[in-house]
Amino acid sequence: MKNQKIIIGVGGNIKSEDGTHPIKVATEAISYFKDYSIKVTDQSSWYESEPIPKSEQPNFFNCILFANTILNELDVLKSLHEIEHKLGRRRGVINEARVIDLDLIDYSNKILRNKDIVVPHPRAHQRRFVMEPLAELDKNWVHPILKKNINKILIDLDNQNIKVFNEKKI
């Protein structure tokens, strides 16, 4: 299989069991990607945002990665879940606080909808904490289903509370 361009959302909002900050946990997750045939090519700045839906949870720290892979869509998703599990994430309740969250946002602009995978990510376009860092990396990105440029998506988003936490680092 030839290289596929993928977009991955990375985040977390609680410290690991050993007290590691979510950004450090996420950095560790990113370091595992090479073991799964995922090569990071660019990374946005880190952003801090309130949880969606609003709750008493701590704020999230998020970034967007651009990467290349030879894996198919489902294998990428399985790899991301395996890395999450390795770092202490146990999936339970939807929208719960989590030490690490790895989301496949886009896979070479493909549209997939089945019981195993949904690409592009079904709520990415509704989340400023995904769209803002994605726009930082590619102001010309177009949502594969909506056929909307990211700048138009950002204009249409409500005013979710988000700010740059620190400059980008790979």
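The values are calculated or read from the model by the stated rules, or taken from the named source; none is laboratory data. What you are looking at is a predicted structure, and each value in this text was computed from that prediction instead of being measured. Using ideal geometry, Cβ is built from the backbone for each residue, glycine included, and neighbour counts are taken over all protein chains shown. Areas reflect the complete protein model, heavy atoms only, side chains present, ligands, DNA and RNA absent. Shrake-Rupley method; radii C 1.70, N 1.55, O 1.52, S 1.80 Å.
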Fully extended contour minus Cα-Cα distance, from ASN159 to TYR32, at 0.36 nm per residue: 42.3 nm
Residue among PRO120, VAL99, PHE165 farthest towards the positive dipole end of the chain, charges placed on Cβ: PRO120
Relative contact order %, segment 1-80, counting alpha carbon pairs below 8 Å whose residues are six or more apart: 42 percent
Nonlocal amide H pairs with PHE165, under 5 Å, H built at 1.01 Å: TRP46, TYR47, GLU48
Which of GLU132, GLU17, GLU84 is most accessible, then next, and so on - probe 1.4 Å: GLU17, GLU132, GLU84
Percent RCO, i.e. relative contact order, over the chain, from Cα pairs under 8 Å lying at least 6 residues apart: 30 percent
Extent along principal axes [Cα atoms of segment 93-166; Å; largest to smallest]: 34, 32, 21
Exposure ranking of GLU82, GLU56, GLU96 by accessible area [1.4 Å probe, largest first]: GLU56, GLU82, GLU96
Reach of LYS139 by Cα under 20 Å, taken over lysines that are not fewer than 8 positions away in the same chain: LYS5, LYS110, LYS147, LYS148, LYS152, LYS163, LYS168, LYS169
Added length on full extension, which subtracts the Cα-Cα distance from 0.36 nm per residue, LYS110 to GLU50: 18.7 nm
Computed lengthening from ILE117 to ASN166, 0.36 nm per intervening residue step minus Cα-Cα distance: 14.5 nm
FRET efficiency, 1/(1 + (r/R0)^6) with R0 22 Å, evaluated for LYS24 and ALA97 via beta carbons: 0.85
Per-residue [θ]222 nm for the chain (sum of -39500 (n - 2.57) over DSSP H runs n ≥ 4, rounded to 500): -7500 deg cm²/dmol
Space enclosed by the convex hull of the alpha-carbon atoms of the chain, per residue, Å³: 113 Å³
Modelled FRET efficiency - R0 30 Å, ARG90 with LYS148, Cβ distances, 0.05 increments: 0.30
